[in-house]
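Student: I have a structure here, written as structure tokens, and I will follow up with some questions on it.
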Amino acid sequence: MTTAEFVPAAEIEPETFTVRASDLRERGLRRGQELREGIARTLAGYRQYFAHLQIAEADVATAAAASLAALRSWDVEGSEEIEAVAAGADLPIIDVMTIVARTEIMTMAPIAPTECSTVSYTRQGSSMAAQNWDWVADFSTLWHVNDVGGVPSPSADRPDQLRHIGFAEYGMPGKVGLNEAGVGVLLNILKHTGDEPGGVPIHAVLERVLSRARTLAEALEIIHSAPTSSSSIITVITPDEAVQVEIANTQKRERRGEGYLLHTNHFLHPDLEPGGLELRPGATSRARYDHLEAKIADRSGPETTADLLQILTSGPGEPPVCCAPEPGAVYGDRSATLVTVQIDPANRTIELAPGSPADGLGRSQRFTV
């Protein structure tokens, strides 16, 4: 299979998609129209990657349709917005769902592509979090800054959708981010026995939290209500608390605690550990977790999110908390930290930078929600 060379993540200049609309169909149409080219590239990227993972096209379409049906049952407005994205991009709805439900579709492959590292710190009034988002290196240009919000309708005093800023892969209404109520979400992929396609997409769950949750309790209620089928870890961060929700297909368990909370890509909750699987042969999740634990030992609490990035920085010879493709790595076997995220809910700020902390974050952007 012939592929284009990937662009190093730190060299990317992501575009920003901004929309304010009281009508969810207008929001979706504008996303589809304005991001049409990026959505097409992302769809092509996932089609190629699914083929590399030996997932048949017919199985991809069936899985996407099943996730769409699950989403319609759980959140009809969310499904209507994705339908509008498809209309705006002049694509069949199943094509857009191929992107939105990519995590669920990948349960049909024996391996997951890559890994992530997340750290949060909890104290009253100034909890914060940061993440290195690692993914397929060839997808380095397939994400954008997402600045989405509603406006009051004539019959409502406030917008039906909270403003939220973060990053998303093209076609997704939301992913990792922070909303104006001070509720943020981060994401790590996991793998568990019983994972299968067809559930509500984890990325639809993230968007619903960002667009609707005004409190930690509301965020957790949304996550627990979703009939999921794949595995992930969602870290919910607010000014006063961080909660990790481990998702093992249909099961969900919470992890809480004062001070530092870490997560990489293996299950930590004792109820879910027995069925947990490594993402792939040679996975570095446990080595990265041990490395992060060593870095926070006897470390005082962070003053700013930049202090968290010191924990998330790794160098040569260390477990790859900062992920870069090995020299000579070929398509399907090259991963990279595509985005570094810092979230400070108390100050309503989120910082996004292409590449990893080891790259220097020279193109970091700070946003206030």
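The values are calculated or read from the model by the stated rules, or taken from the named source; none is laboratory data. Bear in mind that the values here come from a model prediction, so they are computed numbers and not experimental data. A quick note on method: Cβ atoms are made from the backbone with ideal geometry, for glycine too, and the neighbour counts reach across all protein chains shown.
Student: When the residues of the range 261-280 are narrowed to those that are in contact (Cβ under 8 Å) with a residue 40 or more places away in the chain and among the hydrophobic types (A, V, I, L, M, F, W, C), which ends up farthest from residue 194 (Cα to Cα)? Write out each step before concluding.
Tutor: Taking the range 261-280 first, the residues in contact (Cβ under 8 Å) with a residue 40 or more places away in the chain are 261-267, 272, 275-280.
Checking which are among the hydrophobic types (A, V, I, L, M, F, W, C) leaves us with 261-262, 267, 272, 277, 279.
Values: 261: 27, 262: 25, 267: 14, 272: 12, 277: 10, 279: 14 Å.
Applying the filter and picking the extreme gives 261.
Student: Step by step: first the residues of the range 300-316, then only those that are closer than 27 Å to residue 365 by Cβ and in a loop (DSSP other than H, G, I, E, B), then the one that is nearest to the chain's Cα centre (by Cα). Which residue is that? Spell out the reasoning first.
Tutor: So the first thing to find is which residues in the range 300-316 are closer than 27 Å to residue 365 by Cβ, and the list is 301-315.
Applying the additional criterion that residues be in a loop (DSSP other than H, G, I, E, B) yields 301-304, 312-315.
Values: 301: 25, 302: 24, 303: 25, 304: 22, 312: 17, 313: 20, 314: 21, 315: 24 Å.
Per the stated criteria, the residue is 312.
Student: Which residue, of 99, 105, is under 30 Å from residue 366 (Cβ atoms) and either at pLDDT below 95 or surrounded by 22 or more Cβ atoms within 10 Å (Cβ to Cβ) (or both)?
Tutor: On the way: 105 fails: under 30 Å from residue 366 (Cβ atoms).
Exactly one of 99, 105 is under 30 Å from residue 366 (Cβ atoms) and either at pLDDT below 95 or surrounded by 22 or more Cβ atoms within 10 Å (Cβ to Cβ) (or both), namely 99.
Listed here are the residues, each with its yes/no results for (1) out of contact with any strand residue (DSSP E or B) (no Cβ under 7 Å at 6 or more places or on another chain); (2) hydroxyl-bearing (Ser, Thr, Tyr); (3) without any contact (Cβ under 8 Å) to a residue 24 or more places away in the chain.
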| position | (1), (2), (3) |
| --- | --- |
| 193 | yes, yes, no |
| 198 | yes, no, no |
| 224 | no, no, no |
| 227 | yes, no, no |
| 253 | no, no, yes |
| 259 | no, no, no |
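Student: For residue 18, which of the numbered conditions (1) hydroxyl-bearing (Ser, Thr, Tyr); (2) surrounded by fewer than 17 Cβ atoms within 10 Å (Cβ to Cβ); (3) farther than 20 Å from residue 162 by Cα fails to hold?
Tutor: Residue 18 satisfies all of (1) hydroxyl-bearing (Ser, Thr, Tyr); (2) surrounded by fewer than 17 Cβ atoms within 10 Å (Cβ to Cβ); (3) farther than 20 Å from residue 162 by Cα except (3).
Student: So which of 233, 237, 222 is aliphatic (A, V, I, L, M) and closer than 21 Å to residue 114 by Cβ? Break it down into steps so the answer makes sense when it comes.
Tutor: Details: 237 fails: closer than 21 Å to residue 114 by Cβ; 222 fails: closer than 21 Å to residue 114 by Cβ.
After ruling out the rest, the residue left standing is 233.
Student: Let me ask something else about it. In this structure, does residue 254 turn out to be among the acidic types (Asp, Glu), under 20 Å from the mean Cα position of the chain (by Cα), over 18 Å from residue 114 (Cα atoms) and in a strand (DSSP E or B)? It would help to see each step written out before you state the result.
Tutor: Numbers: among the acidic types (Asp, Glu): yes; under 20 Å from the mean Cα position of the chain (by Cα): yes; over 18 Å from residue 114 (Cα atoms): yes; in a strand (DSSP E or B): yes.
Criteria met by residue 254.
Student: In addition: Of the residues 241, 258, only one is surrounded by fewer than 21 Cβ atoms within 10 Å (Cβ to Cβ) and at pLDDT 95 or above; which? Before the answer, list the steps.
Tutor: On the way: 258 fails: at pLDDT 95 or above.
One residue alone meets the criteria, 241.
Student: Within the range 199-227, can you find the residues that are surrounded by 21 or more Cβ atoms within 10 Å (Cβ to Cβ), over 12 Å from the mean Cα position of the chain (by Cα) and in a loop (DSSP other than H, G, I, E, B)?
Tutor: Result: 199, 200, 213, 226.
Student: What number of residues within the range 13-42 satisfy the criterion of being among the β-branched types (Val, Ile, Thr) and touching a Ser or Thr at 6+ places or on another chain (Cβ under 6 Å)?
Tutor: Of all residues in the range 13-42, those among the β-branched types (Val, Ile, Thr) come to 16, 18-19, 39, 42.
Among the residues that remain, those that are also touching a Ser or Thr at 6+ places or on another chain (Cβ under 6 Å) are: none.
Summing the residues that are among the β-branched types (Val, Ile, Thr) and touching a Ser or Thr at 6+ places or on another chain (Cβ under 6 Å) in the range 13-42 gives 0.
Student: For the structure I just gave you, tell me whether residue 273 is surrounded by fewer than 17 Cβ atoms within 10 Å (Cβ to Cβ) and at pLDDT 95 or above. Please lay out each step first, then the result.
Tutor: Details: surrounded by fewer than 17 Cβ atoms within 10 Å (Cβ to Cβ): yes; at pLDDT 95 or above: yes.
So residue 273 fits the description; yes.
Student: Ok, one more. Out of curiosity, is residue 313 over 29 Å from residue 215 (Cα atoms) and at pLDDT 95 or above?
Tutor: Values: over 29 Å from residue 215 (Cα atoms): yes; at pLDDT 95 or above: yes.
Taking the combined requirement at face value, the residue satisfies it.
Student: Being in contact with a helix residue (DSSP H, G or I) (Cβ under 7 Å, 6 or more places away or on another chain), more than 13 Å from residue 205 (Cβ to Cβ) and not small (Gly, Ala, Ser) is the filter; apply it to the range 164-182 and report the residue that is surrounded by the fewest Cβ atoms within 10 Å (Cβ to Cβ).
Tutor: It comes out as 169.
Student: Take residue 189 and tell me if it is surrounded by 23 or more Cβ atoms within 10 Å (Cβ to Cβ), of a type in the set (A, V, I, L, M) and touching a strand residue (DSSP E or B) at 6+ places or on another chain (Cβ under 9 Å).
Tutor: Details: surrounded by 23 or more Cβ atoms within 10 Å (Cβ to Cβ): no; of a type in the set (A, V, I, L, M): yes; touching a strand residue (DSSP E or B) at 6+ places or on another chain (Cβ under 9 Å): yes.
No: the conditions fail for residue 189.
Student: Another question about this same structure. Which of the residues that make up the range 325-357 are buried (at least 21 other Cβ atoms within 10 Å of the Cβ) and among the hydrophobic types (A, V, I, L, M, F, W, C)?
Tutor: Hits for the range 325-357 are 336, 338, 339, 341, 343, 350, 352, 353.
Residue by residue, here is whether (1) at pLDDT 95 or above; (2) within 29 Å of residue 271 (Cα to Cα); (3) not small (Gly, Ala, Ser) holds:
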position: 130; (1), (2), (3): yes, yes, no
position: 165; (1), (2), (3): yes, no, yes
position: 206; (1), (2), (3): yes, yes, yes
position: 221; (1), (2), (3): yes, yes, yes
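Student: Just the residues that are in a helix (DSSP H, G or I) and either acidic (Asp, Glu) or touching a residue at least 24 places away in the same chain (Cβ under 8 Å) (or both), please, taken from the range 281-299.
Tutor: Of all residues in the range 281-299, those in a helix (DSSP H, G or I) come to 285-296.
285, 287, 288, 289, 290, 291, 292, 293, 296 - these are the residues of the range 281-299 that are in a helix (DSSP H, G or I) and either acidic (Asp, Glu) or touching a residue at least 24 places away in the same chain (Cβ under 8 Å) (or both).
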